[in-house]
Amino acid sequence: MALRIWASSTASALKISCASKGHPSRFLDGLKYANSHEWVKHEGSMATIGITDHAQDHLGEVVLVELPEPGGSVSKGKGFGAVESVKATSDVNSPISGEIVEVNSKLTEAPGLVNSSPYEEGWMIKVKPSSPSELESLMAPKEYTKFCEEEDASH
């Protein structure tokens, strides 16, 4: 196991400031957002999960992504992997519960996809939701934007 340097402000989850560094972060319609800064795209019986543009922007250059094996399960609010950047290592929490159907193996060789394409090529896992109603508790883009602004103002 690789030596980990845990930043106290990010060790338990991606609790980050939503202020951008001179460029606006992207919030995409059709996605739902968790207050721990992960996104979910629900299509049919499948949900794709990754970290938000704000999260990757705050973390800086991602150098390692740790993901679970397909066939396992995730639970809403519980960690399923980690993202290590030049600044810190942060747990990634699942916004929903379900069975892991697919893992983005490209991230093993190219972890920077999380930075360059957080909503497209940098997705992390695909899950078959066990409780689709959990999606209703997640935020729409406008709600997530407001959440980030309020979180930033409190820091």
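Every number here is computed from the coordinates shown, using simple stated rules; none is lab data. As the structure is a prediction and not an experimental result, all values here were calculated from the model. Here the Cβ positions follow ideal geometry from the backbone for every residue, glycine too, while neighbour counts run over all protein chains shown.
From least to most packed, judged by other beta carbons within 10 angstrom and beginning with the fewest, Asp152, Asp91, Asp29 follow the order Asp29, Asp152, Asp91.
When only the Cβ of Lys, Arg, Asp and Glu is charged (+1, +1, -1, -1), the dipole of the range 67-155 relative to its Cα centre reaches about 160 debye.
Within 10 Å of each candidate Cβ there may be at most 14 other Cβ atoms; applying that plus a DSSP loop requirement, which GluC sites (Glu not before Pro) in the range 88-155 survive? For GluC sites (Glu not before Pro) across the range 88-155 that sit outside H, G, I, E and B with at most 14 neighbouring Cβ atoms in 10 Å, the list reads Glu120.
The trypsin sites (Lys or Arg not before Pro) of the range 68-130 that DSSP puts in a loop, and whose beta carbon has at most 11 other beta carbons within 10 Å, are Lys78. Counting only C-alpha contacts under 8 Å and six or more residues apart, can you give the relative contact order of the range 32-153 as a whole percent? This gives 30 percent for the range 32-153. Estimate the FRET efficiency between Ser105 and Ala153 by the formula 1/(1 + (r/R0)^6), using the beta-carbon distance for r and 41 Å for R0, to the nearest 0.05. For R0 = 41 Å, the calculated efficiency reads 0.60.
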